[in-house]
Structures are given as structure tokens and as C-alpha cells.
Amino acid sequence: MSRRRFTVTFYDASRYTRAAGHGIVLGMARILRPGEPDRTNICVETRQGNPIDNQQEWGDLPAWYQKQARDLKIEFPPPGADHGPVASSVYNCHGLTFASRRTSIFDPNDIARIIDEDDYGKVDPSNVRPGDIAVYYSGGDAEHSGIVIEISEDGHKRILSKWGVGKEVSHWVHQCPYDSSAVKYFRVKR
């Protein structure tokens with residue numbers, strides 16, 4: 001007789017009622033089906049207490065994604081883009097920027113909600129300083145985000161971000177696979 005393996009993830013359903021990924025939600029536990037990648041979510045809320053949908057992927061990065069990461073390193077080489085040593089599928093760029101590297105946030109509406117409800121204010125590009133947030137927009141939606149870590153003497157901004165679920169990358173704002181023509185900068189007002 002073979003045994004089935006189930007992974008159970010507990011979360012506080014009274015504060016976070018939406019389940020990300022696949023699985024069955026029963027009360028306060030999420031049960032993963034056998035063979036399914038381990039996916040979990042955590043309680044992420046705005047300052048106003050509204051939930052932010054998120055997902056943590058605990059499996060290994062697929063081979064196609066590892067190849068894509070290698071190709072991006074060739075297309076955007078150092079010193080313009082410094083690729084970190086370890087890839088993680090647990091968080092994406094928005095998880096790095098807005099959730100302390102703990103999870104992935106995919107919905108552009110959630111990014112807009114965070115910016116609004118966490119009291120971020122738009123910053124003129126000439127007034128950006130390290131610690132501010134850079135958000136790359138495409139079609140009006142937040143496609144990519146990162147944290148400003150350096151401003152060069154000529155005003156170029158260096159960003160720490162994450163390209164998909166691959167490695168963290170330190171890069172100049174325009175030296176990445178995302179359209180930098182519609183980047184907006186934000187700073188928490190209080």
C-alpha cells in the first residue's frame with residue numbers, strides 16, 4: 001500500500017481569506033495534492049488592513065527559467081547589471097520591493113493598492129534618493145519594481161530588483177529587460 005504525501009500550510013483565515021495557487025482550502029489549512037509543487041501564501045496587508053494576494057513557490061526553478069536567467073546575464077552583463085549568486089522562486093520583484101523578500105505579488109491592482117494605502121508619494125526623477133521605489137509601468141500596470149540603491153554623479157539611478165523568480169540584480173534603471181520609459185518613483189510619506 002502506497003502512502004500519499006500531503007503538505008498542510010496553516011494561516012490565519014480570520015485575517016486572510018483568499019488562497020493563492022492550487023489546492024483545497026479547508027478551514028484554516030491548505031492541503032496540497034500529491035505531486036503538486038509546494039505553494040503557500042502568507043498574510044500580507046496594506047497599512048489600512050486590506051489583504052494583498054500573494055504566493056510562495058517552494059519548488060526548484062524549472063530548467064527553462066534557469067536558461068532564461070543565463071541568457072539575461074549575457075544580454076545584460078556586469079558592470080551595468082550585477083546578477084546575484086542565488087535564484088529563488090519564493091519571491092518576485094514586487095515581493096522584494098513591497099514584502100521584504102517573503103513572497104511573490106503578481107496582481108498590478110495589488111501594487112496600486114499598496115502604493116495608495118501604504119502612503120507612498122510620487123517623487124520627481126530629479127529628487128530621487130536611495131531607498132525610494134522604482135516602478136516600471138506597461139500599459140498603465142505595474143510590470144516591475146525595485147529599490148533605488150545608488151544615484152550616480154550624473155543622476156543615473158541604480159536599482160536592486162529581481163527579474164521574475166530568478167536572481168536579484170543590481171542594475172541601472174534603463175539596463176534591464178523592462179521598459180524604462182515609463183518608470184515612476186515613489187517614497188513613503190510617513
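For LYS73, the lysines whose Cα falls under 21 Å of its own Cα, not counting residues fewer than eight places away in the same chain, are LYS157, LYS162, LYS167.
Sorting 181-187, 50-56 by average packing, meaning the other beta carbons within 10 Å per residue, from highest down gives 50-56, 181-187. Taking 13 Å as the straight-line reach from the Cα of LYS189, the aspartates and glutamates in range (excluding those fewer than 8 positions away in the same chain) are ASP116, GLU117, ASP118, ASP119, ASP132. Toward the positive end of the charge dipole of segment 59-188, with +1 on the Cβ of Lys and Arg and -1 on the Cβ of Asp and Glu, the farthest Cα among LEU160, GLY59, GLY146 is that of GLY59. Put simply, the amide H of SER138, placed in the peptide plane, has neighbours under 5 Å in GLU143, leaving out anything fewer than 5 places away on its chain.
Any read-out appearing in this document is the output of simple, stated calculations on the displayed coordinates, not a laboratory observation. All values reported here derive from a predicted model rather than from experimental measurement. Note that each Cβ is placed from the backbone with ideal geometry, even for glycine, and that neighbours are counted across all protein chains shown.
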